[in-house]
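In what follows, a single structure is set out as structure tokens and then discussed.
The values are calculated or read from the model by the stated rules, or taken from the named source; none is laboratory data. What you see is a predicted model; the values in this text were computed from it and never measured. Here the Cβ positions follow ideal geometry from the backbone for every residue, glycine too, while neighbour counts run over all protein chains shown. For the accessible areas, the whole protein counts, side chains as well, though only heavy atoms, and no ligand, DNA or RNA atoms are used. Shrake-Rupley method; radii C 1.70, N 1.55, O 1.52, S 1.80 Å.
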Amino acid sequence: AQSVTQLDSQVPVFEEAPVELRCNYSSSVSVYLFWYVQYPNQGLQLLLKYLSGSTLVKGINGFEAEFNKSQTSFHLRKPSVHISDTAEYFCAVTPPYGGSQGNLIFGKGTKLSVKP
Amino acid sequence: GAVVSQHPSWVICKSGTSVKIECRSLDFQATTMFWYRQFPKQSLMLMATSNEGSKATYEQGVEKDKFLINHASLTLSTLTVTSAHPEDSSFYICSAILAGGPGELFFGEGSRLTVL
């Protein structure tokens, strides 16, 4: 079975500073990896995903993530954050085969708070 | 991108009443939709997979008689919370899968249910 661990429940950071949101997963099979952002009282929006190929994935809003198979990590990074990046961020995994892709396994989320 | 819309975005009801939440894919057909529940400051938990024209598949621990799911068309799935109780108060989110390949999930805006 897969599981996802987001090591930080809250990450406060100043505007224009870099940020890294950590995500580790455990799985005995290969997985697809996703990062979603959730603004208050809204659904989830896909930031980026890793399916295969290049381990460095670029997403929307200037975010990127790097898949590290040996460390079973998929950390999310942004070199310079804005106030508007304040939101909850979820890492998720799903097996590439078998079962529904709706069966994403979500981490518990990391609340990013960007301060002026 | 594909748009998924939920209605209502928030609803308050009395204990013992039933509430219906709609999930619509606005610009694509979705043979499969998913319903999640999110408690405050927690991650999303998959409740059920809704398949057009067939019975929904419920996750372990989710009462199918409590949470009725109907996927009557390729663009509409409904979740009815029957005989709602205060413990059913939560944020309910749906998603729909865009056909092809691994299938990217598109999420609705969520519906906040408060049972008094």
For this session: State which residue is farthest from A:VAL31 (Cα to Cα) when the search covers only segment A:76-90 and only residues that are in a strand (DSSP E or B) and open to solvent by 30 Å² or more (accessible area, probe 1.4 Å).
Result: A:GLU88
For this session: Give the residue that is most open to solvent (accessible area, probe 1.4 Å), with candidates limited to residues of segment B:22-75 that are within 14 Å of chain A (Cβ to nearest Cβ) and of a type in the set (Gly, Ala, Ser).
Result: B:SER54
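Please go through segment B:22-35 and pick out each residue that is in a strand (DSSP E or B) and either free of Cβ contacts under 8 Å to residues at least 24 places away in the same chain or among the small types (Gly, Ala, Ser) (or both).
Our first condition is that a residue be in a strand (DSSP E or B); within segment B:22-35, this holds for B:22-25, B:32-35.
Within segment B:22-35, just B:SER25 meets the criteria.
Looking at segment A:51-64, which of the residues that are in contact (Cβ under 8 Å) with a residue 24 or more places away in the chain and farther than 23 Å from A:ALA1 by Cα is least open to solvent (accessible area, probe 1.4 Å)?
A:PHE63
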For this session: Scan segment A:27-46 and report the pairs whose first residue is under 18 Å from B:TYR36 (Cβ atoms) and whose second residue is open to solvent by 70 Å² or more (accessible area, probe 1.4 Å) and outside any loop (DSSP other than H, G, I, E, B), with Cβ atoms within less than 6 Å and a gap of 6+ or a chain change.
Result: A:VAL37/A:GLN45
Exercise. Any idea which of (1) farther than 23 Å from B:PHE34 by Cβ; (2) open to solvent by 80 Å² or more (accessible area, probe 1.4 Å) is the one A:GLU20 doesn't satisfy?
Worked result: (2)
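Among the residues of segment B:1-21, write down those that are assigned to a strand (DSSP E or B) and surrounded by 13 or more Cβ atoms within 10 Å (Cβ to Cβ). Steps first, answer last, please.
First, pick out the residues of segment B:1-21 that are assigned to a strand (DSSP E or B): B:4-7, B:10-13, B:19-21.
Residues satisfying the conditions are B:VAL4, B:SER5, B:GLN6, B:HIS7, B:VAL11, B:CYS13, B:VAL19, B:LYS20, B:ILE21.
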Exercise. Can you tell me how many residues in segment A:27-50 are open to solvent by 50 Å² or more (accessible area, probe 1.4 Å) and not in a loop (DSSP other than H, G, I, E, B)?
Worked result: 2
Problem set entry | Residue check for B:SER111: within 12 Å of the chain's Cα centre (by Cα), modelled with pLDDT of 90 or more and over 23 Å from B:PRO40 (Cα atoms) | no
